[in-house]
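Heads up: the structure comes next, in structure tokens.
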Amino acid sequence: MSVFSDVVTTTAPLPVLGRDVSVPLVTGGEVSYAALDYAASAPALQRVWDDIAAYAPYYGSVHRGAGYLSQLSTDLFENSRRTVAEFLGCRADDQVVFTRSTTDSLNLLAAVVPAGCQVFVFETEHHASLLPWRASAVADVTYLDAPRTPAQAVEILERALAARTGEGPALVCATGASNVTGELWPVRELAAAAHAHGARIVLDAAQLAPHHPVDIAELDVDWVAFSGHKLYAPFGSGVLAGRADWLLAAEPYLAGGGASRKVTRRDDGGVDVDWHTNSARHEAGSPNVIGVYAIASACKALTEAGFDSLVAREQELVGRVRAGLAEVPGVKVLSLFGDDAPRVGVISFVVEGWNSSHFAAALSAEYGIGVRDGLFCAHPLVRTLLDSDPQEPGECGAPEAAPGERSLNAIRVSFGAGTPDEHVERFVAAVTELVRDGARWSYRTEDGRCVPDRDAA
């Protein structure tokens, strides 16, 4: 059974949930909500939600039952695996393992790396790809300095790999697009450098897959990890796709039903387990069939809409936002690779004299615009970009740094295939007005966050 709905190819924004939601403003009235925090979680495509709703009456236990609904759900689950494999350009012997998120996927890979594996990861990574190796019982981790050009990233990696000792396994972890600057990383070149030195590479595609095609074979990476909730699907599902050998040689990431093929009692009272030798080995427990189906639906929707047109439209929005911010005094856009570096719809910036939390709170409360502020789960990178030491942010309403001093946190605006033109236009106009005129409301600190002071009404 297929309950995928039809998609009409278009260069207009793809319909997403929440596009008609109105939110109250502290200054009075309501406005349609401008969701500009796609890098944290993109709104679900309407197409994805419709597909989930169509499937919901047929919901059944996956890989567990002889009944019709169970068999239908199992087919849907495995067909979704094939859809994701096609979306990622997987090779014939690659495996697609369904997880909870990018973080879960990379923790899974960290749990199966062979003993003595040397792992190389840039300090510029999101915490999801920066931290799992640190907890691995078998990996020897080397953290690489932040590069300032794509070519320098390759040079830094090549030097580190050339300096490693021994002939044991090695793994490089690299992002496809920064969740802070939006800049594209030289994935193909990093993969070539890794393989030239006998290492493997895993691509954190959490920020790349929603914005650009990701082809495992073409990029020549060994694994790809991404999250459904950044790919216009609901929370709670993710993917690790790639080479099978390390996955099949290791003990299951989670032990339990679904991962085991046969369990027998021994004469001495113990238990022997025969684990699966396919993706199920690392998918113990009842799988999130709805989450998996949602990812497959999103993959089909993006493919059928046409990545070329989606990328072209997004680049127009990126250009508008960057041009608008460049006209606002005191606004500095953060970048590792420079203004001309190719990037996706993720832009972080600071405003001279403003507390970032205060600025983001004002965008929300006074203009109905949702952005992100802080360090974006990429603390070393943001502190490198801001040239700041780890510190607690100041009180709401107080400048993080006086004019001319370094900022402590940043503001991030991010968008994608579902973003209307009006949202980015409202954002640029709001930034301009806030910097020129200041906030129209009073704000205070509550539980560490800057919020409107309701007593000021």
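Structure values in brief
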read-out: Any hit, the stretch 338-350, residues being at pLDDT 95 or above, hydroxyl-bearing (Ser, Thr, Tyr) and not in a helix (DSSP H, G or I); value: yes
read-out: In the stretch 195-218, the residues that are outside any loop (DSSP other than H, G, I, E, B) and in contact (Cβ under 8 Å) with a residue 40 or more places away in the chain; value: ARG200, VAL202, ASP204, ILE216, ALA217, GLU218
read-out: Qualifying residue in the stretch 379-398 (condition: under 19 Å from ASP437 (Cα atoms), out of contact with any Ser or Thr (no Cβ under 9 Å at 6 or more places or on another chain) and either surrounded by fewer than 24 Cβ atoms within 10 Å (Cβ to Cβ) or among the polar types (S, T, N, Q) (or both)); value: yes
read-out: Within the stretch 331-342, considering residues that are within 17 Å of ASP387 (Cα to Cα) and not β-branched (Val, Ile, Thr), the one surrounded by the fewest Cβ atoms within 10 Å (Cβ to Cβ); value: GLY338
read-out: Among (1) farther than 24 Å from ALA209 by Cβ; (2) in contact (Cβ under 8 Å) with a residue 12 or more places away in the chain, the one test that ALA66 misses; value: (2)
read-out: Residues of the stretch 69-100 satisfying the condition of being of a type in the set (A, V, I, L, M, F, W, C) and in contact (Cβ under 8 Å) with a residue 12 or more places away in the chain; value: LEU72, LEU76, PHE77, VAL84, ALA85, PHE87, LEU88, CYS90, VAL96, VAL97, PHE98
read-out: Candidate set from the stretch 20-39 (those that are within 14 Å of SER364 (Cβ to Cβ) and among the small types (Gly, Ala, Ser)); member that is surrounded by the fewest Cβ atoms within 10 Å (Cβ to Cβ); value: SER22
read-out: Some residue of the stretch 241-249 being at pLDDT 95 or above, of a type in the set (A, V, I, L, M, F, W, C) and part of a loop (DSSP other than H, G, I, E, B); value: yes
read-out: ALA225 crowded, with 24+ Cβ neighbours inside 10 Å, under 13 Å from the mean Cα position of the chain (by Cα) and assigned to a strand (DSSP E or B); value: yes
read-out: Among residues of the stretch 402-417, those that are surrounded by fewer than 22 Cβ atoms within 10 Å (Cβ to Cβ) and modelled with pLDDT of 90 or more, counted; value: 0
read-out: ALA259 vs. criteria outside the structural domain of ALA39 (by TED's automatic domain parsing), farther than 19 Å from ALA85 by Cβ, among the hydrophobic types (A, V, I, L, M, F, W, C) and modelled with pLDDT under 95; value: yes
read-out: Of residues in the stretch 162-181 being farther than 30 Å from PRO210 by Cβ and in contact (Cβ under 8 Å) with a residue 12 or more places away in the chain, the one surrounded by the most Cβ atoms within 10 Å (Cβ to Cβ); value: PRO169
read-out: Options ASP455, ASP389: the member that is assigned to a loop (DSSP other than H, G, I, E, B) and out of contact with any His (no Cβ under 9 Å at 6 or more places or on another chain); value: ASP389
read-out: Odd one out for PHE307, checked against (1) within 30 Å of ALA12 (Cβ to Cβ); (2) surrounded by 17 or more Cβ atoms within 10 Å (Cβ to Cβ); (3) touching a Pro at 6+ places or on another chain (Cβ under 7 Å); value: (2)
read-out: Cβ-Cβ under 8 Å pairs, at least 6 apart or on other chains, the stretch 321-344 side in the same structural domain as VAL382 (by TED's automatic domain parsing), far side surrounded by fewer than 16 Cβ atoms within 10 Å (Cβ to Cβ) and polar (S, T, N, Q); value: PHE337/THR149; GLY338/THR149
read-out: Condition broken by GLU316, with the remaining ones in (1) in the same structural domain as ARG426 (by TED's automatic domain parsing); (2) charged (D, E, K, R); (3) in contact (Cβ under 8 Å) with a residue 24 or more places away in the chain satisfied; value: (3)
read-out: Candidates ALA233, ALA205, ALA209 - the one that is more than 18 Å from LEU36 (Cα to Cα) and assigned by TED's automatic domain parsing to the domain that holds VAL119; value: ALA205
read-out: Hey, VAL431 more than 19 Å from ARG19 (Cα to Cα) and either buried (at least 18 other Cβ atoms within 10 Å of the Cβ) or in the same structural domain as THR181 (by TED's automatic domain parsing) (or both) or not; value: yes
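The values are calculated or read from the model by the stated rules, or taken from the named source; none is laboratory data. All figures in this text were calculated on a predicted structure; none of them were measured in a lab. Methodologically, a virtual Cβ is constructed for each residue, glycine included, from the backbone with ideal geometry; neighbour enumeration extends over all protein chains shown.
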